[in-house]
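Note sheet for the following structure.
The values are calculated or read from the model by the stated rules, or taken from the named source; none is laboratory data. Every value quoted in this text rests on a predicted model; they were computed, and no experiment measured them. Cβ coordinates were reconstructed from backbone atoms using ideal geometry, including for glycine residues, and neighbour counts include every protein chain displayed. Calculation scope for accessible area: heavy atoms of the full protein, side chains included, ligands and nucleic acids excluded. Shrake-Rupley method; radii C 1.70, N 1.55, O 1.52, S 1.80 Å.
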Amino acid sequence: MTNKNLKAFTNILIIFLILTKLFTVIAGRTELYFFIFWSLPFLSFVPFANKLSIKAYQSFAFILLIYFMSSSLRVFGITPYLFDLLELLLIVIFFVLCIFAPKNIRKNM
């Protein structure tokens, strides 16, 4: 994967994650203030991802583990919701991307 593709894929994942969470707000399963609080780390990561900062990808992988745990609680709760499952899947894909991105960035420099 080239660095240009890595940037594009990262931005697409962030957009899909924010849209998925927005659908849960529209469905009434999440409050608006929680959505804003939830989206801030993703939005703050975008400039660093576009600069291809290796440390930012490594640090954001840790943040994604926290998102994974909170998403897992909702998905495996009493009533699973399709958008919660989609969010969990996107978080796992984004985590894998963040783990392998530093190696890819170094290789393409």
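Can you tell me which residues in the range 91-103 are more than 28 Å from Arg74 (Cα to Cα) and open to solvent by 60 Å² or more (accessible area, probe 1.4 Å)?
Passing the criteria: only Lys103.
Report, by residue number, each residue of the range 20-33 that is loosely packed, with under 13 Cβ neighbours inside 10 Å and either in contact (Cβ under 8 Å) with a residue 24 or more places away in the chain or not charged (D, E, K, R) (or both).
Ile26, Ala27, Gly28, Leu32, Tyr33 - these are the residues of the range 20-33 that are loosely packed, with under 13 Cβ neighbours inside 10 Å and either in contact (Cβ under 8 Å) with a residue 24 or more places away in the chain or not charged (D, E, K, R) (or both).
Let me spell it out: the conditions are (1) in a helix (DSSP H, G or I); (2) over 13 Å from Leu17 (Cβ atoms); (3) out of contact with any helix residue (DSSP H, G or I) (no Cβ under 9 Å at 6 or more places or on another chain), and Leu40 meets all of them except one. Which number is the exception?
Among (1) in a helix (DSSP H, G or I); (2) over 13 Å from Leu17 (Cβ atoms); (3) out of contact with any helix residue (DSSP H, G or I) (no Cβ under 9 Å at 6 or more places or on another chain), Leu40 violates only (2).
Evaluate the range 87-102: report whether one residue or more is under 15 Å from Leu6 (Cβ atoms) and more than 16 Å from the chain's Cα centre (by Cα).
Yes, the conditions are met somewhere in the range 87-102.
If you scan the range 62-97, which residues turn out to be without any contact (Cβ under 8 Å) to a residue 12 or more places away in the chain and polar (S, T, N, Q)?
Answer for the range 62-97, where residues must be without any contact (Cβ under 8 Å) to a residue 12 or more places away in the chain and polar (S, T, N, Q): Ser70, Thr79.
Ile15: assigned to a helix (DSSP H, G or I), touching a Pro at 6+ places or on another chain (Cβ under 7 Å) and of a type in the set (Val, Ile, Thr), yes or no?
no
Taking the stated definitions as given, is Ser71 open to solvent by 40 Å² or more (accessible area, probe 1.4 Å), in a helix (DSSP H, G or I) and out of contact with any Ser or Thr (no Cβ under 9 Å at 6 or more places or on another chain)?
Considered against the rule, which asks whether it is open to solvent by 40 Å² or more (accessible area, probe 1.4 Å), in a helix (DSSP H, G or I) and out of contact with any Ser or Thr (no Cβ under 9 Å at 6 or more places or on another chain), Ser71 comes out as no.
Can Ile78 be described as among the hydrophobic types (A, V, I, L, M, F, W, C), over 30 Å from Asn108 (Cα atoms) and either open to solvent by 60 Å² or more (accessible area, probe 1.4 Å) or at pLDDT 90 or above (or both)?
When the stated conditions are applied, Ile78 passes them.
Exactly one of these conditions fails for Arg106: (1) assigned to a helix (DSSP H, G or I); (2) surrounded by 18 or more Cβ atoms within 10 Å (Cβ to Cβ); (3) of a type outside the set (S, T, N, Q). Give me its number.
The failed condition is (2).
Between Leu52, Leu6, which is open to solvent by less than 60 Å² (accessible area, probe 1.4 Å), at positive phi and touching a residue at least 24 places away in the same chain (Cβ under 8 Å)?
After applying the criteria, what remains is Leu52.
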